[in-house]
Amino acid sequence: MTSTLTLTRVRLGPGGPLGSVRVADGKVVAVTEDQLDGPALDLDGRTVLPGLWDAHVHAAQWAGNRHRVDLAGLDSARAVAEAVRKHAAGLPAGEVLLGQGFRDGLWPDVPDRALLDAACPDRPVALISADLHAAWLNSAGLALIGRRGHETGLLREHECFEAMQALPEVSVEVLDRWVTEALRDAAARGVTGVIDFHFSDNIADWSRRAAGAPLPVRVQAAVYPRHLEAAIGRGHRTGDVLPGTGGLLQVGPLKLFTDGSLNTRTALCCDPYPGLEDTQGAYGVEETPYEELVRLMRRAVENGIEPAVHAIGDRANTLALDAFAALRCRGRIEHAQLLTAADVPRFAELGVTAGVQPAHATDDRDVADRHWAGRTGRAFAYADLLAAGARLEFGSDAPVSPLDPWLGIAAAVHRTSDGRPAWHPEQRLPVTSALAASARGRTAVRVGDPADLAIVDVDPLEADAHTLREMPVHATLLAGRWTHGPY
């Protein structure tokens, strides 16, 4: 039996005419300015858009961090320690205190375990930075993960990733429930798909979740190098739909790292960080040597798995693009935050997608002004990339930024989020380009598309900066099924 839904008196895209959209069996089967026959849902002039994607999330971390102490906005190590002290007073004895979201790139003081020991001496404390590249623990927390005696308690890059893996976890049942809740909330913001880069056996985790209940969004599950051979052995290829998941779960790309991050001053750059000129890490950190990067990419590509390469600093992006050029393969560069002028056109020339997070541009503008002084004209250079023909796909990097595509859209369009003038306004994007980058290139609802739709109360072309950030989403459809709304 055919499942049919007709939407009428709906605006067909930003600035579009009023018309009708018909959905049948999970597909768009009609888009017209005419009134379609039969029963219809009157949308009273609301705007219908292609469903939005978040092309870079860490779903389990985002879900878990919604249940942790929020440290965002605290402006010093001492302020964080005081927040920890206050929160610890309300916890059961012995429970691990987990916090997330600190940004130490502009702090006047330095995170140290002694500060956390003084604030919270009687329980383990583990705090994760907003960019996920640093962890700050007290002595009890270090002992819990087998790092007793670490000098400072501040772990960066690989040490941080190992620490996060070693921290106690909630049960699988609880985590899966949290992930489902988080993605239902994402659906309420018009999201119909995500690329999940969570650091785990992602395909196994999502296969388990999809077997339990219909997923709230489509998911592409990334593969990490430690799971690459297993994925190859199972015949997984990027884009394959996994059985038993209702067509909603696909194999994603292979995630690789070339460098660290801006806030931790580990992004690999051509120029040294101010104040670090005479130190070993003056230019940042090369996470994966170039030869190993090429080897892993080749192994993946030869078996149908596309690479997604994390690159933030300009030197890191050059190395990543060089690797794509050497292999002549398609894939993605994640973040692409600082680029040399010579590298901007290479994305389009090589067919490499720039997976970028516009909210980072507004969140990190002050950190960039300090640590990339004199270079910020080529930081978060979305207009330059678009003008050069690059394919942009927007994400949040949740939990680094909230899993809400409208925050990224507004940041890309206005280049400010706090009332200050636009930061490098020459890199602003038109609303239509930002929407396309948030919908994996879909610019309009078309016949034959999956019926993944977002229906919003305000035409995005008529929205001011505040309304664009807070866009009221009336309803969301995933393959013709309501995942949000009053119906």
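The values are calculated or read from the model by the stated rules, or taken from the named source; none is laboratory data. In this text the structure is predicted, and so the values were computed from the model without any measurement. Please note: Cβ atoms are built from the backbone with ideal geometry, for glycine as well, and neighbour counts cover all protein chains shown. Keep in mind that these areas ignore ligands, DNA and RNA; they rest on the heavy atoms of the full protein, side chains included. Shrake-Rupley method; radii C 1.70, N 1.55, O 1.52, S 1.80 Å.
Suppose we filter segment 108-125 for residues that are assigned to a loop (DSSP other than H, G, I, E, B), in contact (Cβ under 8 Å) with a residue 24 or more places away in the chain and either more than 17 Å from Asp70 (Cβ to Cβ) or touching a Leu at 6+ places or on another chain (Cβ under 6 Å) (or both); how many remain? Quick ask: steps written out before the conclusion?
Our first condition is that a residue be assigned to a loop (DSSP other than H, G, I, E, B); within segment 108-125, this holds for 108-112, 120-124.
After this cut, where a residue has to be in contact (Cβ under 8 Å) with a residue 24 or more places away in the chain as well, the list is 108-112, 120, 122-124.
Subset that is either more than 17 Å from Asp70 (Cβ to Cβ) or touching a Leu at 6+ places or on another chain (Cβ under 6 Å) (or both): 108-112, 122-124.
Residues in segment 108-125 being assigned to a loop (DSSP other than H, G, I, E, B), in contact (Cβ under 8 Å) with a residue 24 or more places away in the chain and either more than 17 Å from Asp70 (Cβ to Cβ) or touching a Leu at 6+ places or on another chain (Cβ under 6 Å) (or both): 8 in total.
Return yes or no: is Thr32 among the β-branched types (Val, Ile, Thr), open to solvent by less than 50 Å² (accessible area, probe 1.4 Å), free of Cβ contacts under 8 Å to residues at least 24 places away in the same chain and within 28 Å of Pro486 (Cβ to Cβ)?
For Thr32, the condition - among the β-branched types (Val, Ile, Thr), open to solvent by less than 50 Å² (accessible area, probe 1.4 Å), free of Cβ contacts under 8 Å to residues at least 24 places away in the same chain and within 28 Å of Pro486 (Cβ to Cβ) - is met.
Out of the residues in segment 1-15 meeting the condition of being surrounded by 15 or more Cβ atoms within 10 Å (Cβ to Cβ) and in contact (Cβ under 8 Å) with a residue 60 or more places away in the chain, tell me which one is farthest from Ala454 (Cα to Cα).
Residues of segment 1-15 surrounded by 15 or more Cβ atoms within 10 Å (Cβ to Cβ): 5-14.
Among the residues that remain, those that are also in contact (Cβ under 8 Å) with a residue 60 or more places away in the chain are: 5, 7, 10-14.
Values: Leu5: 15, Leu7: 12, Val10: 12, Arg11: 12, Leu12: 11, Gly13: 10, Pro14: 12 Å.
Per the stated criteria, the residue is Leu5.
When you look at Gly246, is it under 30 Å from Met471 (Cα atoms), small (Gly, Ala, Ser) and surrounded by 23 or more Cβ atoms within 10 Å (Cβ to Cβ), yes or no?
No, not satisfied.
Within segment 58-84, track down each residue that is open to solvent by 40 Å² or more (accessible area, probe 1.4 Å) and of a type in the set (A, V, I, L, M, F, W, C).
Result: Trp62, Ala72, Leu74.
For (1) in contact with a His (Cβ under 6 Å, 6 or more places away or on another chain); (2) surrounded by fewer than 19 Cβ atoms within 10 Å (Cβ to Cβ), each residue gets a yes or a no:
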site	(1), (2)
Ser261	yes, no
Gly281	no, yes
Glu287	no, no
Arg298	no, yes
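Take the residues of segment 159-176 that are in a helix (DSSP H, G or I) and more than 20 Å from the chain's Cα centre (by Cα): which is surrounded by the most Cβ atoms within 10 Å (Cβ to Cβ)?
Step one: filter segment 159-176 for residues in a helix (DSSP H, G or I), giving 159-166, 172-176.
Still in the running and more than 20 Å from the chain's Cα centre (by Cα): 159, 162-163, 166, 172-174.
Numbers: Glu159: 14, Glu162: 14, Ala163: 23, Ala166: 14, Val172: 11, Glu173: 9, Val174: 13.
Ranking the qualifying residues of segment 159-176, first place goes to Ala163.
Please verify whether Arg332 is in a strand (DSSP E or B), open to solvent by 10 Å² or more (accessible area, probe 1.4 Å) and either under 21 Å from Ser438 (Cα atoms) or in contact (Cβ under 8 Å) with a residue 40 or more places away in the chain (or both), treating the condition exactly as stated.
Yes: the conditions hold for Arg332.
Take segment 140-157 and flag every residue that is in a helix (DSSP H, G or I), in contact (Cβ under 8 Å) with a residue 24 or more places away in the chain and open to solvent by 30 Å² or more (accessible area, probe 1.4 Å).
Answer for segment 140-157, where residues must be in a helix (DSSP H, G or I), in contact (Cβ under 8 Å) with a residue 24 or more places away in the chain and open to solvent by 30 Å² or more (accessible area, probe 1.4 Å): just Leu144.
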